[in-house]
1. Starting from the Cα-Cα distance between Glu84 and Glu111, subtract it from 0.36 nm times their residue separation and give me the gain in nm to one decimal.
2. Can you sort Met122, Met143, Met92 so the residue with the fewest Cβ neighbours within 10 Å comes first?
3. Taking 0.36 nm per residue of separation and subtracting the Cα-Cα distance, what length does fully extending Arg139 through Lys28 add?
4. What's the ranking of 42-48, 149-155, 10-16 by average number of surrounding C-beta atoms within 10 Å, highest first?
5. For segment 1-141, what does the alpha-carbon gyration tensor say about shape, rounded, prolate or oblate, given a ≥ b ≥ c as the root eigenvalues, a/c under 1.5 as rounded, and a/b over b/c as prolate?
6. Any chance you could tell me what percent of the C-alpha pair distances in the chain go past 33 Å?
7. Can you compute the FRET efficiency between Lys123 and Asp42 using 1/(1 + (r/R0)^6), with r the Cβ-Cβ distance and R0 = 41 Å? Round to the nearest 0.05.
8. Going by C-beta contacts inside 10 Å, put Glu184, Glu111, Glu198, Glu86 in order with the fewest on the left.
Amino acid sequence: MAGPIEIIIPVFNEGDNIVRTLEEIEGKVSHPHRILVVYDFDQDNTLPPLKRYIESGHAGIRTEKNHYGRGALNAIRTGFESAEGELCLVCMGDLSDDMTAVAAMLIKMDEGCDVVCGSRYMKGGRQIGGPWLKRTLSRLAGMSLYLVAGVPTHDVTNSFKMYRRSLLQRIKIESSGGFEIGMEILVKAHLLGCKIGEVPSTWRDRSGGESKFQLWKWLPNYMHWYFLALKARFTRDKGGLLAPKAA
């Protein structure tokens with residue numbers, strides 16, 4: 001049976017949502033887990049309600065300041081490096097991710113997967129709300145890489161993924177901004193021949209606070225990994241981007 005999950009939550013001014021997110025996790029994730037909240041700066045409005053929640057008797061939650069400077073990508077990298085267990089789950093602090101999918105993710109991990117994706121676009125998955133253009137581009141990217149490049153998930157762009165830390169330690173992270181780190185790791189895991197699984201999940205647009213997603217700024221980064229997956233499918237060229245496998 002899979003060991004405890006390290007649930008990594010990158011936050012930026014999620015004071016309106018963090019307590020409800022933690023309650024959602026506690027109510028729907030029965031498997032042993034620890035929660036690591038990674039923040040960018042000491043004045044982040046996430047921290048006061050988070051501190052009160054922890055002090056009210058909720059154990060197993062710790063905080064870590066971003067090691068690399070502001071931004072979701074750097075917060076996720078910090079979370080990976082600070083994780084203590086073998087299984088790492090990335091989820092957002094805005095109530096968008098489907099914590100009922102975690103049990104199915106764990107089953108896939110027990111079956112030998114190295115990455116398990118929460119998938120909005122496979123049968124049983126849903127996406128509720130969010131900008132139309134972002135939804136459309138995300139769906140097109142996922143479906144085309146699944147059908148053309150053979151990437152074994154319908155949803156490459158969703159950040160809601162569970163990873164083996166042993167895999168994360170083999171991969172050199174090259175992403176430079178935004179949330180594309182999840183897509184980079186997935187594409188590289190696929191090129192390494194790792195086992196990738198997916199489970200249906202529902203994504204809901206945030207009900208409070210402001211979205212940090214910057215489509216036009218980050219789109220070129222996503223396209224880089226998209227075209228790498230396509231190129232590798234037809235040329236077997238991994239581009240020298242992958243760290244060597246551990247001995």
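Throughout, read-outs are computed from the coordinates displayed, never taken from laboratory work. All figures in this text were calculated on a predicted structure; none of them were measured in a lab. All Cβ positions, even for glycine, are placed from backbone atoms using ideal geometry, and neighbour counts span all protein chains on display.
1. Values: separation 27, 0.36 × 27 = 9.72 nm, distance 2.17 nm.
Computed gain between Glu84 and Glu111 is 7.5 nm.
2. Numbers: Met122 18, Met143 15, Met92 21.
Listing Met122, Met143, Met92 from fewest to most nearby Cβ atoms yields Met143, Met122, Met92.
3. On the way: separation 111, 0.36 × 111 = 39.96 nm, distance 2.68 nm.
So the chain would gain 37.3 nm between Arg139 and Lys28.
4. Values: 42-48: 15.1, 149-155: 21.0, 10-16: 22.6.
Top to bottom by mean Cβ count within 10 Å: 10-16, 149-155, 42-48.
5. Numbers: a/c = 1.55, a/b = 1.20, b/c = 1.30.
Oblate is the answer for segment 1-141, as a/c is 1.5 or above yet b/c matches or exceeds a/b.
6. On the way: 3694 of 30381 pairs.
Looking at the chain, the distances longer than 33 Å represent 12 percent of pairs.
7. Numbers: r = 44 Å, r/R0 = 1.09.
After rounding, the FRET efficiency stands at 0.40.
8. Values: Glu184 23, Glu111 10, Glu198 27, Glu86 17.
Lowest count first: Glu111, Glu86, Glu184, Glu198.
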